[in-house]
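The values are calculated or read from the model by the stated rules, or taken from the named source; none is laboratory data. It should be emphasised that the depicted structure is a prediction, and the values quoted were computed from it without experimental measurement. All Cβ positions, glycine included, derive from the backbone under ideal geometry; neighbour counts span all protein chains shown. All accessible areas refer to the heavy atoms of the entire protein, side chains included, with ligands and DNA or RNA removed. Shrake-Rupley method; radii C 1.70, N 1.55, O 1.52, S 1.80 Å.
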Amino acid sequence: MASQQKPIVVEVTADITPGETQLKVAPAASASHELLLLVPKEAQHGDRLILTEGEDGEWKCQLHKCQPRTSAEPAGTHQEAQQGSQPYRVAYTQVPEDAEMGTTQLVVDMGALEVPITVPAVARPGDWLKLSKSNSDGKGLKLEVVRKRSATDQDAGVRVAMTVLEVDDQESFAAMREAARRCGASVHPGLYRGVVPKMGISGLLTSEEVTEGEELFRIPARLHLSSVSCKEIFPELFRYATRIEQLSESRRVEASLSLCLAVLMADVVTGTTTCEDRCPEASKRILALWKVYAWSMLGLNFEDHPWWRSLRNAEEFNKAFQPSSEAEYARTMAGDAIAIHGILAGSLSPDLLGPGGFDVGLFLQARLSFLTREFGTPHDSSLVPLLDFCNHQNNPNAHQTWDVNDDSMVVKATRTIKAGEEVTISYGVLPNPVLLRTYGFTLPGEEEPNWAFSSLASLWEEQVCPEVAEKLRSAFTPFAEVQMSSTRITESLARMLDTCEAAGGDGLAILRTWCEARLTALEGCPVLIHALNTLKENRQKDPRSSNWWSALTTEGCSPEEEEDAPLRVRMSEYLCLLAHREALDMLDGRLPEEKMLSGAQEMHQALKEATAAEPDLQQQQQQPRPNGRRFARHVAAKQPLRLGKAVVVNVAAPAPGSDGAGKQP
């Protein structure tokens, strides 16, 4: 077989029409034949075409992007291209559709240097390969897989591309742990990040036995990604972002935190040093920790989160959850994040954002990182590096508290944890609809601790007279939600009932009508028939039972039934509405306690307490209550004491899932 020729590089000049122009290329000066090359339609002026000969003598063309990127390309296709013959700091090339993973050879143009690489075995066609300097002297090169997944916000007409790096969990955790230790954090030496046995998901495990009460983490507040620390590390960026008038004051800090993380991510993806260049010298070590943390965040895949699914295929996602409003909520929140990106991008100068750019996809990923990983602390909500890799469990083996003496988040084992076992914490006693919209997962029905139902407040107007409907429109903003919980009267439900009664309506009667209408809608959903029949059969044996899952198997189920999340969410909504209706029935004397759904007892007690100060309930409900606040007063009496945004907690022995140092739903 003839020896292989060196790669041939052809530049796409201004006189070339991509998709039409054919070029004749001689493999060598002495060659007796020429290659006929059709310039790919994806090429642009300034790009390079790299021709390589395979062992079988076949030639392949690889497109190397050198022009400003399109929305489908990673930010910073080339960075730090210097005058003359200096190499690029970061370069990208795309994996061809016909590439054989682990075998195909490509050439990456690093400016004056052309680097041959083998497509990694973990890559897929269409992925981008990022080649970058791995150390300060530029001698070492690091190859990473960058996975781009695109979706479109149909309402705004914005195309969003999610950037996912192929990050080694153990490598990133080890690097983060070392960086955190340099900053004064304490991390148990046996902890490592890996795949949880039997579950197939990434989690935090221990390589050695941990005894009850043993400390696993101590992460000082100054290392958290919070409004306090971002003001110190991104002083100029954070100051300008929190003054943008187009954002309401309540949203500015939330938007600014996501902006700071997005800029960190952009630095990691593009190889730029925006953050290092502007960070005060005293905070450089903390920034080094945050950069490793941002790298780890880029390894997270949010493709299954409701926000992303609502963008990728809104119609299909909405259909899967009908008649629940959870899909519409996800779509609204994803659109909200994209709109905030637009406001920030239009208000902040490019110089302030740095050469890495301000990509809408990275901003959405940053926002999702905060949504799914932030903790409540006595200061404010924040991301806590390392600790946030712990997964949720209803009965966890570790618990987080706040140490006021050294201002740190502390995690200790609540029982003995065996070597190889996963370390888990509790994100809170949360129902499936809240778990899904926040963290993107649900629990099996038998593990769900309580139930919830949420809807737009505007939908309640359909259940009331015009006078009451007008009052509701003035009391709630267009996208405000009324949230219902099987364990208590929520603040939004109390506001709804009080508003109805202030306008002359019967709050409890309106609540009953609402529950019955929504229960009927869920009972008419074909996908729920099997689960509803199972619940009915179990309640005939035990009226207090909430078991809808015992007879469900994957055999004979439709594809819709096999998808857990929509089924679990809608059954949680059904049980929440049922709990409210049966609590009302018991309050009216229609239902004896022994026949009431077990989860309705707490709701019945809450309604009973809220109406206890109304001895002549029926008579008073027939009269308008201009200043009616009985439900709001009940809710206020049950709220924990707060100082600003911080919840006052018992630091020595906080309740499990306490907001004082817990995950934020």
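See the values below:
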quantity: Total residues in region 155-213, condition closer than 30 Å to Trp307 by Cα, open to solvent by 40 Å² or more (accessible area, probe 1.4 Å) and part of a strand (DSSP E or B); calculated: 5
quantity: Close pairs (7 angstrom Cβ cut-off, 6 or more residues apart or separate chains): more than 11 Å from Ser546 (Cβ to Cβ) and acidic (Asp, Glu) in region 443-465, open to solvent by 30 Å² or more (accessible area, probe 1.4 Å) and in a loop (DSSP other than H, G, I, E, B) anywhere; calculated: Glu447/Asn394
quantity: Complete set of residues in region 472-506 that are outside any loop (DSSP other than H, G, I, E, B) and among the hydrophobic types (A, V, I, L, M, F, W, C); calculated: Leu472, Ala475, Val482, Met484, Leu493, Ala494, Met496, Leu497, Cys500, Ala502
quantity: Condition met for Ser136 (in a strand (DSSP E or B) and modelled with pLDDT under 80); calculated: no
quantity: Residue within region 391-408 that is assigned to a strand (DSSP E or B), open to solvent by 40 Å² or more (accessible area, probe 1.4 Å), of a type in the set (D, E, K, R) and touching a residue at least 12 places away in the same chain (Cβ under 8 Å) present; calculated: no
quantity: Selected residue (criterion: modelled with the lowest pLDDT) from residues of region 83-120 that are closer than 17 Å to Asp267 by Cβ and assigned to a loop (DSSP other than H, G, I, E, B); calculated: Tyr88
quantity: Selection within region 545-559 - modelled with pLDDT under 95 and not polar (S, T, N, Q); calculated: Trp549, Ala551, Leu552, Glu555, Gly556, Cys557, Pro559
quantity: Matching option when the condition is in contact (Cβ under 8 Å) with a residue 24 or more places away in the chain, open to solvent by less than 40 Å² (accessible area, probe 1.4 Å) and farther than 19 Å from Thr163 by Cα, among Ile343, Ile338, Ile244; calculated: Ile244
quantity: Test: residue in region 433-442 that is in a loop (DSSP other than H, G, I, E, B), of a type in the set (Ser, Thr, Tyr), in contact with a Pro (Cβ under 8 Å, 6 or more places away or on another chain) and open to solvent by 10 Å² or more (accessible area, probe 1.4 Å); calculated: no
quantity: Leu459 vs. criteria hydrophobic (A, V, I, L, M, F, W, C), at pLDDT below 95 and buried (at least 18 other Cβ atoms within 10 Å of the Cβ); calculated: no
quantity: Scope region 507-531; condition part of a loop (DSSP other than H, G, I, E, B) and buried (at least 18 other Cβ atoms within 10 Å of the Cβ); matching residues; calculated: Cys525
quantity: Answer from Gly420, Gly428 - the residue that is open to solvent by 20 Å² or more (accessible area, probe 1.4 Å) and either within 30 Å of Leu387 (Cβ to Cβ) or assigned to a helix (DSSP H, G or I) (or both); calculated: Gly420
quantity: Yes/no for Lys148 being closer than 29 Å to Ile8 by Cα, open to solvent by less than 20 Å² (accessible area, probe 1.4 Å) and either in a loop (DSSP other than H, G, I, E, B) or at pLDDT below 85 (or both); calculated: no
quantity: Inter-residue pairs, beta-carbon under 8 Å, first β-branched (Val, Ile, Thr) and in region 284-300, second open to solvent by 30 Å² or more (accessible area, probe 1.4 Å), 6+ apart; calculated: Ile286/Arg222; Val292/Ala175
quantity: Selection from region 480-520 of residues that are touching a strand residue (DSSP E or B) at 6+ places or on another chain (Cβ under 7 Å) and among the aromatic types (Phe, Trp, Tyr); calculated: none
quantity: Residue in region 59-82 that is within 29 Å of Phe358 (Cα to Cα), modelled with pLDDT under 70, open to solvent by 40 Å² or more (accessible area, probe 1.4 Å) and β-branched (Val, Ile, Thr) present; calculated: yes
quantity: Considering residues of region 26-58 that are of a type outside the set (Val, Ile, Thr) and either part of a strand (DSSP E or B) or touching a helix residue (DSSP H, G or I) at 6+ places or on another chain (Cβ under 9 Å) (or both) only, the residue modelled with the highest pLDDT; calculated: Leu38
quantity: Residue match in region 272-284 (condition: open to solvent by 10 Å² or more (accessible area, probe 1.4 Å) and either closer than 17 Å to Ala339 by Cβ or touching a Ser or Thr at 6+ places or on another chain (Cβ under 7 Å) (or both)); calculated: no
quantity: Subset of region 584-602 (residues that are over 13 Å from Leu508 (Cα atoms) and under 39 Å from the mean Cα position of the chain (by Cα)); calculated: Met596, Leu597, Ser598, Gly599, Ala600, Gln601, Glu602
quantity: Residue within region 450-458 that is part of a helix (DSSP H, G or I) and more than 22 Å from the chain's Cα centre (by Cα) present; calculated: yes
quantity: Tabulated pairs, region 417-432, first farther than 30 Å from Cys576 by Cβ, second in a helix (DSSP H, G or I), C-beta under 8 angstrom, 6+ apart or interchain; calculated: none
quantity: Considering residues of region 257-310 that are among the acidic types (Asp, Glu) and part of a loop (DSSP other than H, G, I, E, B) only, the residue farthest from Glu236 (Cα to Cα); calculated: Asp304
quantity: Filter result (surrounded by 18 or more Cβ atoms within 10 Å (Cβ to Cβ) and within 33 Å of the chain's Cα centre (by Cα)) within region 89-107; calculated: Arg89, Val90, Ala91, Tyr92, Thr93, Gln94, Val95, Ala99
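Listed here are the residues, each with its yes/no results for (1) at pLDDT below 85; (2) touching a strand residue (DSSP E or B) at 6+ places or on another chain (Cβ under 8 Å); (3) part of a helix (DSSP H, G or I).
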| position | (1), (2), (3) |
| --- | --- |
| Glu561 | yes, no, yes |
| Pro566 | no, no, yes |
| Arg570 | no, no, yes |
| Leu577 | no, yes, yes |
| Ala583 | no, no, yes |
| Gly589 | no, no, no |
| Leu607 | no, no, yes |
